[in-house]
Every structure is written in C-alpha cells, then in structure tokens.
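Only one structure is covered here, and it is reproduced in the block below.
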2 protein chains.
Amino acid sequence: MEYASKILEKTVDEISMLPGIGRKTALRLALHLIRRGPESSLRLSEALVEMADKLMHCRICSNISDTEICSICANPGRDDRLICVVEDIRDVIAIESTGQFKGRYHVLGGLISPLDGIGPSQLTIDDLVERLKDSEGHELLFALGATVEGDSTAFFIFRKLQGMKVRMTAISRGIGVGDQLEYADEVTLARSIKHRIPFEDSLKR
Amino acid sequence: MEYASKILEKTVDEISMLPGIGRKTALRLALHLIRRGPESSLRLSEALVEMADKLMHCRICSNISDTEICSICANPGRDDRLICVVEDIRDVIAIESTGQFKGRYHVLGGLISPLDGIGPSQLTIDDLVERLKDSEGHELLFALGATVEGDSTAFFIFRKLQGMKVRMTAISRGIGVGDQLEYADEVTLARSIKHRIPFEDSLKR
C-alpha cells in the first residue's frame, strides 16, 4: 500500500503489530482517531505511556498491579490459605466477576507449551513453590483452561509440590449452565458423568 | 469487569473507544503490549502523538498529508485536468495501488448521509467548486462507493457544477474481474448489460 503520509504510515505500522489487526483495520482505526480530533489520539497515547512506565507485577501473586502488592493480596479480608492458580489477569477478572471466590490468586503468566517455546522456567512456578514453602493446610485450586497446555501445566505443578502440605483441587468440568445435553461433546459429557455430584448439591446456585 | 489495576483499566477504556473493539478485545491488546515490554507501548504512543501533532489536510485536495501540499498534488508529473473525487484516503490508497490513474484527487472526507447527520457543508464540496472555478476542459471522475450515499453525493456535486466547463464521468460498475455471473446480483448484472462496451475493449487489461 502506498500512503501519501509517512506519519500515517508509521502509525498504521505500529497498530498493525497488535494481534488480530491487519493493515486495513489498522488504517481504519487510525482514520477514526484522526476524524475524532487530536485529543483522542493524545489520550490513548498517555494511557499507553502510563502503562509502559508505571505498571508492575504484584510481588506476591505476579498479577498486573499499580502497586508492589496488588489490591487482592493486600486485602486482609481474603482467605490466605486458598490460592487459585490461573494463566493470566483475564482469568482473575473472570473469576472475580462471579463474586464466589474469596481466596487469593497466583498468576502463572502463561501455560507450558513446548510448541510455542514456553517452558516452566518462563512461568512463575518457582515463585509459587517459594510461596507455599512453609504452608500448613493450604489449598491450591487449579483454574486453568481445559486444554492440553492447561492440563500439562497443572500436572507439572502437582508433581513439583508432591510432599508439601498442600491440598490440590481443580475447578469442575462439565456441562455449562444453560447448555443442552445434545450439544455437549462426548468427552465433556463423559467427565460430567464420572464426576457426578450429590443431587442436593446440584440445586445450589 | 473488575480490574486489579486502574492503569490497565484506563488503557482498556481508551482502546475500547476504537470502532469494532470491545472491552474484551481491548484487554487482550493491552495484555499483548504489556507482554511485549514497555518499548512497544512507547513506540505506539509516539506514533499517536506525532499523528495528533503533525498530520494535516492538503490545502488543495484535502487528503491527509505530512505537508501543506500533499505529495500527489505537488507532483508535476500528474495530470492537472483530471480530478478523481473520492470519499477518503483509503480510496486514494486503493486507486494508487492500481497504478492506472495519473490525475489528481479531491478527498470529500465523507459522503452525504442525512441519517448520520452528515450534510454537504461538512464535506469539502465548496473547496472542490472553488478549485474548478476557472476550469477549462477539466474532467471530474467520481469514484465513490456504489451505495445510496455515494450516488446522492455524486448527484449533489453534479448539480452544483452545472454550467461549469467540467466534463463529469464515473467509474464503471459491473461484474468484478474473476467473478462468476451466477453470483452477481440482478442490479449489477442489469447495469453491466446496459453499459456494455465494445468487445475489443473488454480484452484490454
């Protein structure tokens, strides 16, 4: 593509480096910003600078945070002995939005995936082991995606923590609430039968 | 959504103001930037600042430009008497990429669309009239989208230029090169029959 403007071209180059955004979409976004006036570009730019300069990872749980200790780890009202292992901040946001979890988190920053060149050392697994070093009756709840990578990562941590006084659990897998049985895949359906629960429990919201 | 970080939330707010980008996508893009390190956020931010501060519209054709007169209007090798009327810079890029057009452009900055509250005064139609004031044998080529808005905008300009020495033409409409007849809509097919061309011409690339 030939642009009449080098400045526009540079912006399109930068925007199109984002995942899932090609050059045509990048141009559309840049033109939208131009049409909205310089203030909107400057506001977005300021937010990006602040993110680059000030954002850090919580020293305890590795979640993205504005402060050295994130607001969840700093909250004395949350259960110190229940730690939920998640892939990234999106999972923290999803779980927090349920309002059902009162423990703390450990954010791995990814999943073990040899195909993508991600090994255990690139994740915060060592920090997790360190965090659980002196544990007494802690519960570690794995809330990772139901994928090969999620399963292998959980299993790797499970093996690593053998012999430590940590009870390990995983979120249940089964038919989604509101789902029709006929549309569920066989593996999910088989698991939901194998891990069946007392009927009274299934009535609880 | 509840974020552990106000800084991240602000960036997600700004990114999700872009068209077609919801909060979940905005969060995914922000996390990608965080993972890539502060340099990529800063580079994008700089490009946006430069765009906000330095980008202008060409004084002649209203196209987006780094200079007062854009590189196309400043090029003495291009035909001064053939002006192509387009909606925005994306159309200029599309036409330039064909390598077939050696005239100049006039960028309207939109199309007349009462439903979106866009009237003729918000476009650069008056500049176009001014530009053609002393014209002698100019050709004005309408290359607007084949939509109601495109047609009405062309017709509005056509009426406005009545009595001026300007020949007005429009890009041809018909079956796209490589298209199957059976998949063309009736209106397009009907037009391509009505505006049929000598067979020898149809062989030219």
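The values are calculated or read from the model by the stated rules, or taken from the named source; none is laboratory data. Small disclaimer: the values here were computed from a predicted structure and weren't measured. Here Cβ is always computed from backbone atoms with ideal geometry, including for glycine, and neighbour counts include all displayed protein chains. SASA here: full protein model, heavy atoms, side chains in, ligands and nucleic acids out. Shrake-Rupley method; radii C 1.70, N 1.55, O 1.52, S 1.80 Å.
Quick look at the values:
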item	result
Residue match in segment A:69-80 (condition: among the aliphatic types (A, V, I, L, M), within 7 Å of chain B (Cβ to nearest Cβ) and in contact with a helix residue (DSSP H, G or I) (Cβ under 9 Å, 6 or more places away or on another chain))	yes
Those residues of segment B:126-141 which are within 10 Å of B:L161 (Cβ to Cβ) and within 20 Å of the chain's Cα centre (by Cα), in sequence order	B:L128, B:V129, B:L140
Sole exception among (1) out of contact with any Leu (no Cβ under 6 Å at 6 or more places or on another chain); (2) open to solvent by less than 30 Å² (accessible area, probe 1.4 Å); (3) modelled with pLDDT of 90 or more; (4) not in a strand (DSSP E or B) for B:F156, by number	(2)
Those residues of segment A:122-144 which are within 19 Å of A:C84 (Cβ to Cβ), in a loop (DSSP other than H, G, I, E, B) and among the acidic types (D, E), in sequence order	A:E136
Conditions (1) buried (at least 16 other Cβ atoms within 10 Å of the Cβ); (2) closer than 20 Å to B:I89 by Cβ; number of the one not met by B:G145	(1)
When residues of segment B:48-68 are limited to those that are more than 7 Å from every other protein chain (Cβ to nearest Cβ) and of a type in the set (A, V, I, L, M, F, W, C), the one nearest to A:S45 (Cα to Cα)	B:M56
Any hit, segment B:100-108, residues being modelled with pLDDT under 95, closer than 23 Å to A:P38 by Cβ, within 25 Å of the chain's Cα centre (by Cα) and more than 7 Å from chain A (Cβ to nearest Cβ)	no
Single condition B:C61 does not satisfy, out of (1) out of contact with any Gly (no Cβ under 9 Å at 6 or more places or on another chain); (2) open to solvent by less than 60 Å² (accessible area, probe 1.4 Å); (3) assigned by TED's automatic domain parsing to the domain that holds B:G150	(3)
Of residues in segment A:4-47 being open to solvent by 20 Å² or more (accessible area, probe 1.4 Å) and of a type in the set (S, T, N, Q), the one farthest from the other protein chains (Cβ to nearest Cβ)	A:S16
Residues located in segment B:98-121, provided they are open to solvent by 40 Å² or more (accessible area, probe 1.4 Å), more than 28 Å from B:K204 (Cα to Cα) and assigned to a loop (DSSP other than H, G, I, E, B)	B:G109, B:G117
Residue check, A:I95 in contact (Cβ under 8 Å) with a residue 12 or more places away in the chain, more than 11 Å from the chain's Cα centre (by Cα) and not in a loop (DSSP other than H, G, I, E, B)	no
